[in-house]
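Worksheet: the structure to be examined is printed underneath.
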Amino acid sequence: MYSLLRNHPEPTMEQITAALDGNLCRCTGYRPIIDSFSAFSQASCPLAGSGKCCLDQEGVEGKEKEEDLAPEPKRGDRRIAEASKRRTLVFNGKRTTWISPVTLRELLGLKAKYPNAPLVVGNTSIGIDVKKLGIYYPVILHPARVPDLHIVYRTKNGLVIGAATNFAKLRDILLNVVPELPAEKTKTYRTLLKQLRTLAGEQIRNVASLGGHIVSRGSPWDLNPVLAAGKAILNLASTDGTRWIPLNGEFLARLPRADLSPEEVIVSVFIPFTKKDEFVSAFRQAERRKNALSVTNSAMQVRFQPGTDVIEELTILYGGTGRATVSAPVTSQKLRGRKWNEQMLNEAYRLILEEIQLSPSALGGKVEYRRTLLVSFFFRFYLKVLQDLKYLYPCKYPELPEENLSALDEFVEHPPRGVQVYQDVDPQQPPQDPVGRPVMHQSGIKHATGEAVYTDDIGPIDGQLYMAAVTSTRAHAKILSISTSEALESPGVVTVVSAADIPGKNGDEHEKVFAEDE
């Protein structure tokens, strides 16, 4: 909330709930948290932003203007900060070297020298590889301080966005651009905004970059299909020069002829305006609205011959169906020249299911469910385009059947609201008797003000050790022996503790502290 207020001093309720969507809070619950923070929104509190509070005593004036929460840096501090911005930073770990250059030329030189080094901005993808999969990178390049990767400008044909732009910044850019342009030009931008609302959580959106999302090409990633459907183009650079490549199905499938070379870097992304007779939509299905990867996602684009419903170009992409986002070029080719009607729709169902194959043992399972989503998403796209055609040419197209309208409904989030109901105690109950009274938790004030000290708030002491559990690689296996020699030779390891080290009883007959025989 502090970060939100620094960036948006008078936030809307939508911004407040979005800022909190990365917090999975089951102990306190969302309702009291959002109730508290709603005081910063003028939609909920008429005094929001005034420095006054409706709970203040009458006649007590609040400050007219809040002081800046950030202290003015001292002149020496400012010089150090400016110098650090211009200076390449190198951090040497025991196994990995982290390099943060400040110019594009330097970054390209490093990429030529270390072609297999990943570029890390928010570390939301590479970080998972390192922590969860144990992947090791001798050199990591951090390009977030290179100004060329943060450029944002508009051309006569579209927007150019720097590859290091994070998702929160991308969202703000699109929110500013969309109202300024004719609606027919912003269909891709509005579709990106729709996907950004449910992509990960706000903490991830604040650090994850557009370029990282594109180049990592995870199958469930929600923006890549939209960018491909919207005919985005990647600006690549290396020490050999620059070139532009389309962000399309072949790129997302990592085909060598459509991919980056190891020495190349994505500098920026060009996202073109849409045309009058062009339509772009995206869909996703996940186990949760927020903080959940898509089970299946999709983006689709169609362009008609001007003034007609005859398909001139069609693009269909699906994520979550395999190890990469897949396109359906055969289906698209066969449907060109067809009218946008039910005959085309039925033919599209058949072609899509023939072209997009899901193995019975596909990663993540739910094969039949995901096959159903393939055609369900296309049906929704079909209806959405019909509705848009009706809006463009009111006299040429009929109204949609009423039974189909619900398929076009978007999920609308409302901030949770609630009341607390409790029964007053008997007036005769002694004041020192707390039973039945709505007594505040004794630690509540410290929790709410951030003064409560948790284990993670306590700094390490000199010589502090850390423990990690060692688990069996085989279930219900007989333990013949335990060898600790390799572990003890690892850097930093002091000892290995097992059942043999317990001075008393190793648990009971039902549950052991450490496994002994099995």
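The values are calculated or read from the model by the stated rules, or taken from the named source; none is laboratory data. Everything numeric in this text was worked out from a predicted model, so none of it was measured. Positions of Cβ are generated from backbone atoms using ideal geometry, with glycine treated the same way; all protein chains shown enter the neighbour counts. What goes into the accessible areas is simple: the full protein's heavy atoms, side chains included, and nothing from ligands, DNA or RNA. Shrake-Rupley method; radii C 1.70, N 1.55, O 1.52, S 1.80 Å.
Some notes on this structure:
- Hits in region 5-17 - residues which are open to solvent by 20 Å² or more (accessible area, probe 1.4 Å), under 15 Å from Ala168 (Cβ atoms), assigned to a helix (DSSP H, G or I) and not hydroxyl-bearing (Ser, Thr, Tyr): Leu5, Arg6, Asn7, Glu14, Gln15
- Filtering region 249-278 to residues that are among the hydrophobic types (A, V, I, L, M, F, W, C), under 21 Å from Gln301 (Cβ atoms), open to solvent by less than 30 Å² (accessible area, probe 1.4 Å) and outside any helix (DSSP H, G or I) leaves Val269, Ile271, Phe273.
- Filter result for Ala348 (open to solvent by less than 40 Å² (accessible area, probe 1.4 Å) and modelled with pLDDT under 90): no
- Looking at region 287-405, the helices (runs of 4 or more DSSP H) lying wholly inside it that each contain 3 or more residues that are touching a strand residue (DSSP E or B) at 6+ places or on another chain (Cβ under 9 Å) and touching a residue at least 40 places away in the same chain (Cβ under 8 Å) sit at 367-392.
- Index of the failed condition, Glu180 passing every other in (1) more than 20 Å from Val295 (Cβ to Cβ); (2) open to solvent by less than 70 Å² (accessible area, probe 1.4 Å): (2)
Residue-by-condition table, conditions (1) open to solvent by 40 Å² or more (accessible area, probe 1.4 Å); (2) in a strand (DSSP E or B); (3) closer than 24 Å to Thr188 by Cα:
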| position | (1), (2), (3) |
| --- | --- |
| Val130 | yes, no, no |
| Ile140 | no, yes, no |
| Tyr153 | yes, yes, yes |
| Ala164 | no, no, yes |
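- One residue alone among Thr471, Thr449 is hydroxyl-bearing (Ser, Thr, Tyr) and over 23 Å from Ala515 (Cα atoms), and that residue is Thr449.
- Pairs, first under 25 Å from Arg95 (Cα atoms) and open to solvent by less than 70 Å² (accessible area, probe 1.4 Å) in region 471-495, second assigned to a loop (DSSP other than H, G, I, E, B) and β-branched (Val, Ile, Thr), C-beta under 6 Å, six or more apart: Thr484/Val496; Ala487/Val493; Ala487/Val496
- Residue list for region 189-202, restricted to those being over 15 Å from Ser294 (Cα atoms) and surrounded by fewer than 18 Cβ atoms within 10 Å (Cβ to Cβ): Arg190, Leu193
- Cβ-Cβ under 8 Å pairs, at least 6 apart or on other chains, region 440-462 side more than 16 Å from Ile33 (Cβ to Cβ) and among the charged types (D, E, K, R), far side at pLDDT below 90 and assigned to a helix (DSSP H, G or I): Glu451/Ile445
- Some residue of region 410-418 being assigned to a loop (DSSP other than H, G, I, E, B), among the small types (Gly, Ala, Ser) and modelled with pLDDT under 85: yes
- The set of residues in region 95-121 being buried (at least 18 other Cβ atoms within 10 Å of the Cβ) and in contact (Cβ under 8 Å) with a residue 60 or more places away in the chain consists of Leu107, Leu108, Lys111, Leu119, Val120, Val121.
- A Cβ distance below 6 Å, combined with a sequence gap of six or more or placement on separate chains, defines the contacts here; from region 217-236, residues that are under 15 Å from Arg284 (Cα atoms) reach residues that are part of a helix (DSSP H, G or I) and hydroxyl-bearing (Ser, Thr, Tyr) in the pairs Val226/Thr191.
- Test: residue in region 278-293 that is modelled with pLDDT of 95 or more and of a type in the set (A, V, I, L, M): yes
- Filter result for Ala228 (modelled with pLDDT of 95 or more and either among the acidic types (Asp, Glu) or assigned to a helix (DSSP H, G or I) (or both)): yes
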